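Right, one structure below, let's go through it.
The values are calculated or read from the model by the stated rules, or taken from the named source; none is laboratory data. In this text, all values refer to a predicted model and were calculated from it rather than measured experimentally. FYI the Cβ positions are ideal-geometry reconstructions off the backbone, even for glycines, and counts take in every protein chain you see.
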């Protein structure tokens, strides 16, 4: 159970972030929902309040240092603590390397590993006080044999994985656990990709041993809730494929 724990989730207005928020709330956690579109965050917050937990919606562009600081300050002002940080937000630029602009690359870097790096540092003193945990979102695209058109996305997610490992090693003495997941989930982004690329999408789904793409709350969110619980207190520094058995990490 996560009763009265406080979780801060980036990109919580829809998709995987929303699913994680709902699953944590099911276990009794109060949730701070952040994202670039406040209306989406408010929608998620209303869903959370319907589950009898407290929820705070904050407009936050993770590429903005000021937004990150303001969101963390608002969290502590509202709840007085932080137990769980979920770094979920990420821009995605898909295309061949020669077709990706510097601006696109910078956007992926700033919204992914740089934002994760900044937020983990902002959260550190609060997570140290609560003996809390960090969950970072990576992707199995890091393990594809052919990353063509996914090179930039794979690169920034690999950077996030290394930050996860470094933080777990450095902050274990502070009682902070840091892990990452590589999920397949029915997010709006994945649904859009599958619709736009039906042939590749069919091959993708057929390559999942369990035969389906995970549900944002019941498959991805529920597992994250378990990772944040006392039952996983010895789990740290790991990147876990949450993909129905598709990826072989070795």
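Assess whether residue 52 counts as being surrounded by fewer than 18 Cβ atoms within 10 Å (Cβ to Cβ), more than 19 Å from residue 216 (Cα to Cα), modelled with pLDDT of 95 or more and more than 18 Å from the chain's Cα centre (by Cα).
The answer is yes for residue 52.
Out of all the residues in region 94-110, is one or more touching a helix residue (DSSP H, G or I) at 6+ places or on another chain (Cβ under 6 Å), buried (at least 19 other Cβ atoms within 10 Å of the Cβ) and over 24 Å from residue 31 (Cα atoms)?
Yes, region 94-110 has at least one match.
Does residue 44 satisfy the criteria of being crowded, with 17+ Cβ neighbours inside 10 Å, modelled with pLDDT of 95 or more, in a helix (DSSP H, G or I) and under 17 Å from the mean Cα position of the chain (by Cα)?
Considered against the rule, which asks whether it is crowded, with 17+ Cβ neighbours inside 10 Å, modelled with pLDDT of 95 or more, in a helix (DSSP H, G or I) and under 17 Å from the mean Cα position of the chain (by Cα), residue 44 comes out as yes.
Test residue 180 against the stated conditions and say whether it is surrounded by fewer than 22 Cβ atoms within 10 Å (Cβ to Cβ) and closer than 15 Å to residue 137 by Cβ.
no
Return yes or no: is residue 180 modelled with pLDDT of 95 or more, touching a strand residue (DSSP E or B) at 6+ places or on another chain (Cβ under 7 Å), within 16 Å of residue 237 (Cβ to Cβ) and not in a loop (DSSP other than H, G, I, E, B)?
yes
Filter region 163-177 down to residues that are touching a strand residue (DSSP E or B) at 6+ places or on another chain (Cβ under 6 Å) and either assigned to a helix (DSSP H, G or I) or within 15 Å of residue 142 (Cα to Cα) (or both), then give me how many there are.
Looking only at that region, the number is 3.
Within region 197-231, can you find the residues that are buried (at least 17 other Cβ atoms within 10 Å of the Cβ), in contact with a helix residue (DSSP H, G or I) (Cβ under 7 Å, 6 or more places away or on another chain) and not in a loop (DSSP other than H, G, I, E, B)?
Those that are buried (at least 17 other Cβ atoms within 10 Å of the Cβ), in contact with a helix residue (DSSP H, G or I) (Cβ under 7 Å, 6 or more places away or on another chain) and not in a loop (DSSP other than H, G, I, E, B): 214, 216, 217, 220, 221, 222, 224, 225.
Residue 65 versus (1) over 30 Å from residue 231 (Cβ atoms); (2) crowded, with 20+ Cβ neighbours inside 10 Å: which is the lone unmet condition?
(2)
If the Cβ limit is 6 Å and pairs must be 6+ apart or interchain, which residue in region 64-77 that is in contact (Cβ under 8 Å) with a residue 12 or more places away in the chain pairs with which residue that is assigned to a helix (DSSP H, G or I) and surrounded by 14 or more Cβ atoms within 10 Å (Cβ to Cβ)?
68/118; 68/119; 72/122
Taking residue 210 as meeting all but one of (1) in contact (Cβ under 8 Å) with a residue 60 or more places away in the chain; (2) closer than 14 Å to residue 242 by Cα, write down the number of the exception.
Here residue 210 meets the rest and fails (1).
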